[in-house]
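S.K.: Once you've had a glance at the structure underneath, I'll fire off some questions.
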Amino acid sequence: MDIRKISLSDQLAFLDFEDELLEDKRHNPFVEWWPVEDFEDFVMRSDMSDIKQSGQHNPTYTRYFAFVEGAIAGFVICFWEMTHPDCLKLGHIGYIVAPSFRHQGVAQSLIAFALKQYRSLGIDSVLVVAHEKNNPSRRLIEKLGGQLLALEMVNHLGRNLETARYELQGASLKYDE
């Protein structure tokens, strides 16, 4: 598995990944994905989000994609503004795995990779949020040492979501694959 940022040369793999997610979204309430209208713009915005802007302590976010034999298996997004209200409500790490790659350790590898990125910046505590009823995601977070902080209702994009907010900290950030 190769985990890296996306580039324009990944368009075909991305379109396959997106098709799989959009199909899954039709019957899986935990899939948060919207069609990307302009892949070139998506890549450009991903690149720009990884550059620290004036007045920021850190870049906004970085997306890392997991590639397996040329196919995109999933991605993780690291939100770097640790005290931003959205990060405190929705977490510092977000991830999704294509249905055809689930139950193969992809999410675990992506989170482990993200945790290494945070550790490299001296950040030893991150928040990870899952839908309260998304048991596979919650089990994974707990397996990685996540401590449940709260079960709460949050408003995200005009929708009220029942969430489980976890903290991964200090010794919990030890998982390496």
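The values are calculated or read from the model by the stated rules, or taken from the named source; none is laboratory data. Here the structure is a predicted model, which means the values were calculated and not measured. Glycine gets a Cβ as well: all are built from the backbone with ideal geometry, and neighbour counts include every protein chain shown.
S.K.: Is it true that HIS103 is free of Cβ contacts under 8 Å to residues at least 24 places away in the same chain, within 29 Å of VAL68 (Cα to Cα) and not basic (Lys, Arg)?
M.R.: yes
S.K.: Let me ask you something else. Give segment 121-144 a look and list any residue that's of a type in the set (Gly, Ala, Ser) and touching a Gly at 6+ places or on another chain (Cβ under 9 Å), or say none.
M.R.: If the condition is that a residue be of a type in the set (Gly, Ala, Ser) and touching a Gly at 6+ places or on another chain (Cβ under 9 Å), then SER125, ALA130 are the ones that fit.
S.K.: To continue, here is another question. Within segment 1-49, can you find the residues that are modelled with pLDDT under 90 and β-branched (Val, Ile, Thr)?
M.R.: Across segment 1-49, the qualifying residue is only VAL31.
S.K.: Inside segment 1-83, counting only strands (runs of 3 or more DSSP E) that do not spill past its ends, which hold 1 or more residues that are free of Cβ contacts under 8 Å to residues at least 60 places away in the same chain?
M.R.: Per the criteria, 61-68, 71-79.
S.K.: Could you grab me the full set of residues in segment 37-59 that are over 17 Å from the mean Cα position of the chain (by Cα), surrounded by 11 or more Cβ atoms within 10 Å (Cβ to Cβ) and of a type in the set (A, V, I, L, M, F, W, C)?
M.R.: PHE39, MET44, MET48, listed by residue number.
S.K.: Restricting to segment 109-167, name every residue that is among the β-branched types (Val, Ile, Thr) and either crowded, with 17+ Cβ neighbours inside 10 Å or without any contact (Cβ under 8 Å) to a residue 12 or more places away in the chain (or both).
M.R.: Once the filter is applied, which keeps residues that are among the β-branched types (Val, Ile, Thr) and either crowded, with 17+ Cβ neighbours inside 10 Å or without any contact (Cβ under 8 Å) to a residue 12 or more places away in the chain (or both), segment 109-167 yields ILE111, ILE123, VAL126, VAL128, VAL129, ILE141, THR163.
S.K.: Checking the structure you have, find out if any residue of segment 77-86 is surrounded by fewer than 19 Cβ atoms within 10 Å (Cβ to Cβ), among the β-branched types (Val, Ile, Thr), within 30 Å of GLY158 (Cα to Cα) and more than 12 Å from the chain's Cα centre (by Cα).
M.R.: Yes; the residues of segment 77-86 include at least one that is surrounded by fewer than 19 Cβ atoms within 10 Å (Cβ to Cβ), among the β-branched types (Val, Ile, Thr), within 30 Å of GLY158 (Cα to Cα) and more than 12 Å from the chain's Cα centre (by Cα).
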